[in-house]
1. Output the residues belonging to the stretch 391-431 that are surrounded by fewer than 16 Cβ atoms within 10 Å (Cβ to Cβ) and out of contact with any strand residue (DSSP E or B) (no Cβ under 7 Å at 6 or more places or on another chain).
2. With 347, 363 as the choices, which residue is outside any helix (DSSP H, G or I), surrounded by 15 or more Cβ atoms within 10 Å (Cβ to Cβ), touching a residue at least 24 places away in the same chain (Cβ under 8 Å) and touching a strand residue (DSSP E or B) at 6+ places or on another chain (Cβ under 9 Å)?
3. Could you please find all residues in the stretch 399-427 being more than 18 Å from residue 306 (Cβ to Cβ) and either within 20 Å of the chain's Cα centre (by Cα) or assigned to a strand (DSSP E or B) (or both)?
4. Please specify each residue of the stretch 319-338 satisfying the condition of being surrounded by fewer than 21 Cβ atoms within 10 Å (Cβ to Cβ), at negative phi and touching a residue at least 12 places away in the same chain (Cβ under 8 Å).
5. With 329, 317 as the choices, which residue is in the same structural domain as residue 379 (by TED's automatic domain parsing) and within 26 Å of residue 507 (Cα to Cα)?
6. Report whether or not residue 256 is under 29 Å from residue 58 (Cα atoms), at pLDDT 95 or above and buried (at least 21 other Cβ atoms within 10 Å of the Cβ).
7. Looking only at the stretch 479-505, count every residue that is outside any strand (DSSP E or B) and either farther than 18 Å from residue 162 by Cα or without any contact (Cβ under 8 Å) to a residue 12 or more places away in the chain (or both) and tell me the total.
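The values are calculated or read from the model by the stated rules, or taken from the named source; none is laboratory data. No experiment lies behind these values; they were computed from the predicted model shown. Every residue, glycine among them, receives a Cβ derived from its backbone with ideal geometry; neighbour counts consider all protein chains shown.
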């Protein structure tokens, strides 16, 4: 065999061998690829047909979803003077004007550019609906400075103005609410009629105006669930690792617990009693508490002549053991109110010292004093120990509350139990949320459970006396008799609102505490923490620091990832999975390849020899 022929044969053999080796050593699996991150949120909400995204309507608004769709100017850290910039980039007072500068890289979910007119229209809508910053004379004007700046004329209480204004959700895009805003500007005297029309607006899709500027936008909604998807034009979209939020309906606490026992949900807030929380923790669900400013009340309806008598309300307070009341639910979130004032204990000691608070009536449990007060207004007991009016009819009161909240239901049942002990026949009525709301709106109740919040004594004091609808729902009086003379609560809040410093506010904080403690517009019984749940898909904050205490921290947990880098993170291993590996190559395949290589070499050899 000549050298050239031999070389050709060697080359053919080597190439065939290399080809066989290459194909036999291809990787059997492909590289890991990222699947969509679907965050499952257990939501206390009604979806279609009731649910909608008009924050200015009285019912049906889906707040748990909207807080991930809508931005604030600058969220407030509870109990502090700190704010995190969001839509606002800076803010400062120029005389009596609070000037707020805005981001210029923001768009609404329908791709309409965001600008200062949208902030202006949001606060005009607040005015139409009678929001507190207008009704309490904190501001009396809002103006557009230019496309990226807006200013508010603050008449007093600069600290509260910052809280109220910067923490507001900018949810009134002018191009969506133009009809209502323009009508009010043209005819401000028709605000009530415009408010009725505004209340009836129910956007349920992006095309209808269910939009925000936040990191998530509405995708789809049914009667049982809701989908939000990442907004790709969000100004910080690169920081959002979640692709979809899947909201699943939580009609009751018990359903919410079930989601976490089955590892169905990633996040939620269904309050649970201690035994349930213990079992959930043991099963791998993270259960933890955080402070909030929620203050729970039993609200009296002053339309009832008996409840309109201060002595009866005070007797009611003495007849109720607040510690027993909160323990009746066995929920770790509830703490019996130490002081009968309109302020939660979370921050009020920054304003009122212990000596002052101890000077107020604590209304310690004293059934004998309660019975004595009942007698002082002409009530008597029958042979069965029931409290009766002078004509012999039994005193009967109804307490209404939302049945889906097991914790509230247990406590209101205990209210009935305790009042029955002193002869007052109280009948608990567990109703759905819509029925409770309607009953409150028309004042159809004797007693009702309610809650108020707010991170400033003015805000909580106003809501617990002049605001939150109580003057309408429960016929709270705006002029009362106190210390022998008439006291005008409306004027009191107007004067308080004009205070120019925190030092000037303190006497108002103290006076309202004294008045409320004596007059008992409603009976506060609990300060309440928030109970959160999370699956193993979360890496949790190491401590409850100030960043954790951000406004709407519970419902805005996704947005919190933007505001607090490193505080809330996702365990991405749950969403990074390998694609399906190809089937194992059988041994017969390798044998066939080997034989093919041998045959190829033999054929090449024969061809070359014959050619020779």
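1. Passing the criteria: 391, 392, 393, 417, 421.
2. 363
3. Result: 401, 402, 403, 404, 405, 406, 407, 408.
4. Those that are surrounded by fewer than 21 Cβ atoms within 10 Å (Cβ to Cβ), at negative phi and touching a residue at least 12 places away in the same chain (Cβ under 8 Å): 321, 323, 324, 328, 332, 335, 336, 338.
5. Answer to the selection: 317.
6. No, not satisfied.
7. Counting residues in the stretch 479-505 that are outside any strand (DSSP E or B) and either farther than 18 Å from residue 162 by Cα or without any contact (Cβ under 8 Å) to a residue 12 or more places away in the chain (or both) gives 10.
Listed here are the residues, each with its yes/no results for (1) in contact with a helix residue (DSSP H, G or I) (Cβ under 9 Å, 6 or more places away or on another chain); (2) in a loop (DSSP other than H, G, I, E, B); (3) crowded, with 24+ Cβ neighbours inside 10 Å.
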position	(1), (2), (3)
45	yes, yes, no
48	no, yes, no
54	yes, yes, yes
65	no, no, yes
